[in-house]
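Below: one structure, written as structure tokens.
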Amino acid sequence: MRETTNNSASVTTLARENVQRLTPYQSARRLGGNGDVWLNANEYPLAPTFELTAQTFNRYPECQPVEVIRRYAAYAGVQPEQVLVCRGADESIELLIRAFCVPGKDAILYCPPTYGMYSVSAETFGVEGRTVMAKEDWQLDLPAIEQALDGVKLVYVCSPNNPTGNLINPDDIRSLLETTRGKAIVAVDEAYIEFCPQATVAGWLKDYPHLAILRTLSKAFALAGLRCGFTLANAELIEVLMKVIAPYPLSTPVADIAAQALSEQGLSAMRQRVADVTNNRQWLRQQLEQCDCVEQVFSSESNYLLARFTAASSVFKSLWDQGIILRDQNKQPGLSGCLRITIGTRQECQRVVDALRPLPGAKSSVRVPFVNDSSVNNNSASKEPM
């Protein structure tokens, strides 16, 4: 009889050292919860209805589905050769790192507080994640960024920024593009741009060969479960990304539904969702400002609101226990006491307000200011979920 040995720890030790140290991104579903009001993932609260029209499941799909590309290019105001479709904007983040950054040599740069996947993706590929803290108004600290660019191949800018909801000053983005010309790729993450379409930088592609724009169908298109995103860039950059993308990134059903969502009817439905979310956001902000436990509600150009609370952890747990699941941002740089609230239906927003109204506030609460002890931090930012 063969004697067996317990080698349960050996698989972990075989993993790359950076993966062993990696704290994975804590997505909303990974965090769990037993709620009936899910306001922690910036999803649209109601599901659209589609019927599959393609019945070619026995064949591999197109690597880049022509109709999806054509329709998205028309919607975004770019040429089809300037569009790459992939598995959500998260894959766009990774493709850029894989294509442009050498592990152990190059760095990416991003400006916390911002989306957590920039950091996680860099660590996954063994690339340095360099941070330059945003200024107190959550705008780019351009002088500090310029000083930190040595060895940086890729800069991520999220606008509207997640989780703060603010737009990045377009003049600052243009200055960053000028500073990085010939040195680094600038990726502008426009996952929430449908809520402020006038702020897109898609029209700048003709001027900046090193500009990449990240988009998604997860938010205003109400298709978070579809996992479909886009990279907009000039053809030369798209060709580089095509070298590292998977052979069949989109399944046939995903491409089928994406094309329907980008039809004239689909675009009209999307714009109506944006109008509904905007109205609910304005209403919720007014109601939150009247709650004793709310210290401050920040302006937002997205489908969520960031607010600072008295005793934020207690507020979070109180709502959690009532089945209202928010996103705790309390550990993010500069966001002490902050929770992020996705804009749901009016009924869901009312549930939030009704749950918050009885909670006590502080007569004289001390707000924690945005602290920027060091403009440049070569360590990755917190992996708390965004």
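The values are calculated or read from the model by the stated rules, or taken from the named source; none is laboratory data. Since this is a predicted model, take the numbers as computed values, not measurements. Because the Cβ atoms are built from the backbone with ideal geometry, glycine has one as well, and the counts that use them run over all protein chains shown.
Just one residue in the set 216, 252 is within 24 Å of residue 54 (Cα to Cα), at pLDDT 95 or above, within 15 Å of the chain's Cα centre (by Cα) and among the β-branched types (Val, Ile, Thr); that residue is 216. Of all residues in region 209-233, exactly one satisfies the criterion of being surrounded by fewer than 19 Cβ atoms within 10 Å (Cβ to Cβ) and farther than 26 Å from residue 279 by Cα, namely 209. Scanning region 290-300 turns up at least one residue that is surrounded by 20 or more Cβ atoms within 10 Å (Cβ to Cβ), closer than 30 Å to residue 358 by Cα and hydroxyl-bearing (Ser, Thr, Tyr).
Of the residues making up region 289-314, those that are closer than 18 Å to residue 351 by Cα, touching a helix residue (DSSP H, G or I) at 6+ places or on another chain (Cβ under 7 Å) and not small (Gly, Ala, Ser) are 291, 293, 294, 297, 303, 305, 309. Within the bounds of region 309-316, is there any residue that is of a type outside the set (D, E, K, R) and touching a residue at least 60 places away in the same chain (Cβ under 8 Å)? The answer is no, given that none of the residues of region 309-316 is of a type outside the set (D, E, K, R) and touching a residue at least 60 places away in the same chain (Cβ under 8 Å).
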